[in-house]
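Each remark here refers to the structure printed beneath this line.
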Amino acid sequence: MKIIKAESAGFCFGVKRAVDTVYEEIEKGGRIYTYGEIIHNDEVVRDLEEKGVKVIRNEEELRAINEGTVIIRSHGVPREIYEILEKKENVKTVDATCPFVLKIHKTVSEESEKGREIIIIGDKDHPEVVGIISFSGSAVSCIRSEAEADSYVDSTGRSKCIVAQTTFNLRKFNNIVEILNKKCYDVHTVNTICNATEQRQTEALEIASLADAMIVIGGRHSSNTRKLYEICSERCADTRFIQTVDDLDIDSLKDVNCVGITAGASTPNYIIEEVQKHVRGTDF
């Protein structure tokens, strides 16, 4: 069996930075919290919880905290969360928001101040997008599909600024932008899909085109992993979405000649290696 593993699989810069930040704070001691799960990976979150890190789920829980360190997750948080933290004198705040996400916050804030309406191409319920919305001082629309773009109505005729969730499907982003350009007046588009996402998606597409079966590894709640699964499924009918090696039905690969492996940006390397070794070491 031939195995092709994506070179870009695993932690991206922003995720590695966020996870490393939490472990560094653990070494310093004291009570540690993250606002939301630091990344969308159950294995990583479970390990941090075993080391005493508590996950804050909402504003109410945050308001009840009066000491310790609160780490802001890689996806970022709404402006209101920063404001709550700023008022807590005995709480240390460590911002582990991905720099690419912070750049979108800045873009949305500046463009809305110019009077532009904001269009975010992404999932309105995703933590990253929820945070981005809060930095706009003008109206915001969220669009996640070509169908939603087709049904979008520009009711104001004002100029628009289009940004994207950092992990959005690049091909879909370009298609949606093309549709919106025909509907809206004076559109300023900023492609905020991060470079790591573009590279990961491009490589996954190439491998899926060659593989008889494709394995996509990542957390069930990981947006970028779901996008990889969608992309690979377009080229490889036998595409599997797993979280760990335990989810892999290895016997179903016995007649496969070429297996492709990729993983989301929040998948630890040890999980990828376990899957690769399991597939490579299987004697049918």
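The values are calculated or read from the model by the stated rules, or taken from the named source; none is laboratory data. Remember, it's a predicted structure, so these values are computed and weren't measured experimentally. Don't worry about glycine lacking a Cβ; one is built from the backbone with ideal geometry, like all the others, and counts go over all protein chains shown.
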key: Subset of the range 135-153 [within 19 Å of Thr167 (Cα to Cα) and hydroxyl-bearing (Ser, Thr, Tyr)]   = Ser141, Ser145
inquiry  = Which residue is farthest from Asp47 (Cα to Cα), if the candidates are limited to the range 257-284 and must be touching a strand residue (DSSP E or B) at 6+ places or on another chain (Cβ under 9 Å), among the hydrophobic types (A, V, I, L, M, F, W, C) and modelled with pLDDT of 95 or more?
reply    = Cys258
inquiry  = One residue is enough: does the range 81-93 have a residue meeting the conditions of a type in the set (S, T, N, Q), in a loop (DSSP other than H, G, I, E, B) and crowded, with 19+ Cβ neighbours inside 10 Å?
reply    = no
Single residue of the range 194-225 satisfying the filter (more than 12 Å from the chain's Cα centre (by Cα) and of a type in the set (S, T, N, Q)) that is farthest from Gly10 (Cα to Cα) = Ser209
query = Restricting attention to the range 194-207, does a residue exist that is buried (at least 23 other Cβ atoms within 10 Å of the Cβ), among the small types (Gly, Ala, Ser) and not assigned by TED's automatic domain parsing to the domain that holds Thr244?
reply = no
request  = Restrict the check to the range 150-158 and report whether at least one residue is among the small types (Gly, Ala, Ser) and buried (at least 17 other Cβ atoms within 10 Å of the Cβ).
outcome  = no
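Residue-by-condition table, conditions (1) surrounded by fewer than 21 Cβ atoms within 10 Å (Cβ to Cβ); (2) within 23 Å of the chain's Cα centre (by Cα); (3) free of Cβ contacts under 8 Å to residues at least 60 places away in the same chain:
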| residue | (1), (2), (3) |
| --- | --- |
| Asn41 | no, yes, no |
| Lys51 | yes, no, yes |
| Asn58 | yes, yes, yes |
| Val70 | no, yes, yes |
key: Condition broken by Glu37, with the remaining ones in (1) of a type in the set (Asp, Glu); (2) crowded, with 20+ Cβ neighbours inside 10 Å; (3) over 19 Å from the mean Cα position of the chain (by Cα) satisfied   = (3)
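For the range 257-282, give me each residue that is crowded, with 18+ Cβ neighbours inside 10 Å and part of a loop (DSSP other than H, G, I, E, B).
Gly264, Ala265, Ser266, Thr267, Pro268
Answer yes or no as to whether Ile4 is crowded, with 18+ Cβ neighbours inside 10 Å, touching a residue at least 12 places away in the same chain (Cβ under 8 Å) and under 30 Å from Gln201 (Cα atoms).
On the way: crowded, with 18+ Cβ neighbours inside 10 Å: no; touching a residue at least 12 places away in the same chain (Cβ under 8 Å): yes; under 30 Å from Gln201 (Cα atoms): yes.
When the stated conditions are applied, Ile4 does not pass them.
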key: Single residue of the range 7-31 satisfying the filter (of a type in the set (A, V, I, L, M, F, W, C) and surrounded by fewer than 21 Cβ atoms within 10 Å (Cβ to Cβ)) that is modelled with the lowest pLDDT   = Phe13
